[in-house]
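**Q** Just dropping this structure here.
The values are calculated or read from the model by the stated rules, or taken from the named source; none is laboratory data. In this text the structure is predicted, and so the values were computed from the model without any measurement. Heads up, the Cβs are rebuilt from the backbone with ideal geometry, glycines too, and the neighbour counts pull from every protein chain shown. Keep in mind that these areas ignore ligands, DNA and RNA; they rest on the heavy atoms of the full protein, side chains included. Shrake-Rupley method; radii C 1.70, N 1.55, O 1.52, S 1.80 Å.
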Amino acid sequence: SSWGSAQELPSLVGLPLMQLSAGGHHAAVVTAHGTALVWGKNETGCCGREYPKELAVPVPVKIPSENQSASSPANLPFTDWAIWNNKDGLVAKMSDDVAIQDVACGAEHTILVTRSGRLLVCGSNQRGQLGADVSKVPTATTVVPVHHPSGGRFVSAEAGNAHSLLLDNYGDVWLTSSNGLQLVVKGHSVLAIAAGGDDNSVVIAPASTGGLSLTRQFSVEKEDDGMDIVDSVENLLQEISSNGANKQYACNEIAKRTEELLKYPSVLNSVFLDPRELEYMFDRLSNVGDGEVKQNIASAIERGLKIGLECLRGDDTRLMH
């Protein structure tokens, strides 16, 4: 089938769009002000309303408010706006409990997260993709809230065809099910989540060994990038070649950083895109200094390789070269 040519949507031109998501037959965008607009097929109410069954243009989603501290006088242009006091007087803006910061569209459902951490859902819940009990909420043709099971705040959402993944302010991950929300990752300070297809989910969490963060694993100088280690080794090699003032220190640092580099297969994968680059580095290291220095570097390489090989014994680690 043909994708056709890209076209502007006149109703969105000029709006400060910050987020977007595309589902099976509908899509959503979020403005910098926190307004969510949805359009497309609406057979299941995934556009946040029961009728019409298809929206040809983006339409704002009505978000139910729970904020009791703000007032919404009748003369405000939108019922979701609130009046707040600050040093400049009264200011009208969207309340955090209705201002959307993230949106995710599935095949027939939509997930919204507000700035205050509320989870709001609409559309089909046939497989529990809304995070609500299927027996109580088989479908939602208007936006309904789903409460955090532990009283926390949600920060982002992702959606597959018929499942949703949620990240909260504790760094824990929740997965939707027919019985509600299920905690699937706890205590790993997850940084990012993604979901897609039929029940596919992936998360990114900081690496740790023995409780140390990734930046501390590499160097007390916080060189948290593998290429930084390679660059520092190269600089130390040049210092030795030019008969620098502290050759012994440079040799010790080369040994230490080489060992650190070889411990982590994932770092080698990200730094060396050609096996010849790795071969060149080993050739440089094997010709550094006198016999004692060469022995120290060889021992460091051996220690690093042993740890790296142990990592490769697991099913989830691979080395490109």
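**Q** I'm checking my understanding of the structure. Among residues of region 24-45 that are over 19 Å from residue 118 (Cβ atoms) and open to solvent by 60 Å² or more (accessible area, probe 1.4 Å), which one is nearest to the chain's Cα centre (by Cα)?
**A** Filtering region 24-45 for residues that are over 19 Å from residue 118 (Cβ atoms) and open to solvent by 60 Å² or more (accessible area, probe 1.4 Å), the one nearest to the chain's Cα centre (by Cα) comes out as 25.
**Q** Which pairs have Cβ atoms under 9 Å, sit 6 or more apart or on different chains, and link a residue in region 26-40 that is in a loop (DSSP other than H, G, I, E, B) to one that is polar (S, T, N, Q)?
**A** Filtered contacts from region 26-40: 34/95; 34/101; 34/114.
**Q** What are the residue pairs meeting all of these: first residue in region 94-116, first residue under 15 Å from residue 19 (Cβ atoms), second residue among the basic types (Lys, Arg) and not in a strand (DSSP E or B), Cβ atoms under 7 Å, and 6 or more apart or on different chains?
**A** Taking only residues 6 or more apart or on different chains, the pairs are 99/115; 101/115.
**Q** Which is of a type outside the set (S, T, N, Q) and open to solvent by 50 Å² or more (accessible area, probe 1.4 Å), of 48, 4?
**A** 4
Yes or no, residue by residue, for (1) open to solvent by 50 Å² or more (accessible area, probe 1.4 Å); (2) among the hydrophobic types (A, V, I, L, M, F, W, C); (3) touching a residue at least 24 places away in the same chain (Cβ under 8 Å); (4) within 14 Å of residue 23 (Cβ to Cβ):
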residue: 121; (1), (2), (3), (4): no, yes, yes, yes
residue: 131; (1), (2), (3), (4): no, no, yes, no
residue: 139; (1), (2), (3), (4): yes, no, yes, no
residue: 144; (1), (2), (3), (4): no, yes, yes, no
residue: 169; (1), (2), (3), (4): yes, no, yes, no
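**Q** Then there's this: Can you tell me how many residues within region 279-294 are outside any helix (DSSP H, G or I) and of a type outside the set (A, V, I, L, M, F, W, C)?
**A** Qualifying residue count, region 279-294: 4.
**Q** Might you check whether a residue that is hydroxyl-bearing (Ser, Thr, Tyr), at pLDDT below 95, under 23 Å from residue 37 (Cα atoms) and outside any strand (DSSP E or B) occurs anywhere in region 89-99?
**A** yes
**Q** For the subset of region 237-272 comprising residues that are open to solvent by less than 30 Å² (accessible area, probe 1.4 Å), closer than 26 Å to residue 308 by Cβ and small (Gly, Ala, Ser), which member is modelled with the highest pLDDT?
**A** 255
**Q** Scan 58, 64, 16, 73 and give me the residue that is modelled with pLDDT under 95, touching a helix residue (DSSP H, G or I) at 6+ places or on another chain (Cβ under 8 Å) and not hydroxyl-bearing (Ser, Thr, Tyr).
**A** Step by step, each of 58, 64, 16, 73 is checked, and only 58 is modelled with pLDDT under 95, touching a helix residue (DSSP H, G or I) at 6+ places or on another chain (Cβ under 8 Å) and not hydroxyl-bearing (Ser, Thr, Tyr).
**Q** Let me ask something additional. Go through region 11-23 and give me each residue that's under 23 Å from residue 46 (Cβ atoms) and either open to solvent by 40 Å² or more (accessible area, probe 1.4 Å) or not in a loop (DSSP other than H, G, I, E, B) (or both).
**A** Hits for region 11-23 are 11, 12, 15, 17, 18, 19, 20, 21, 22.
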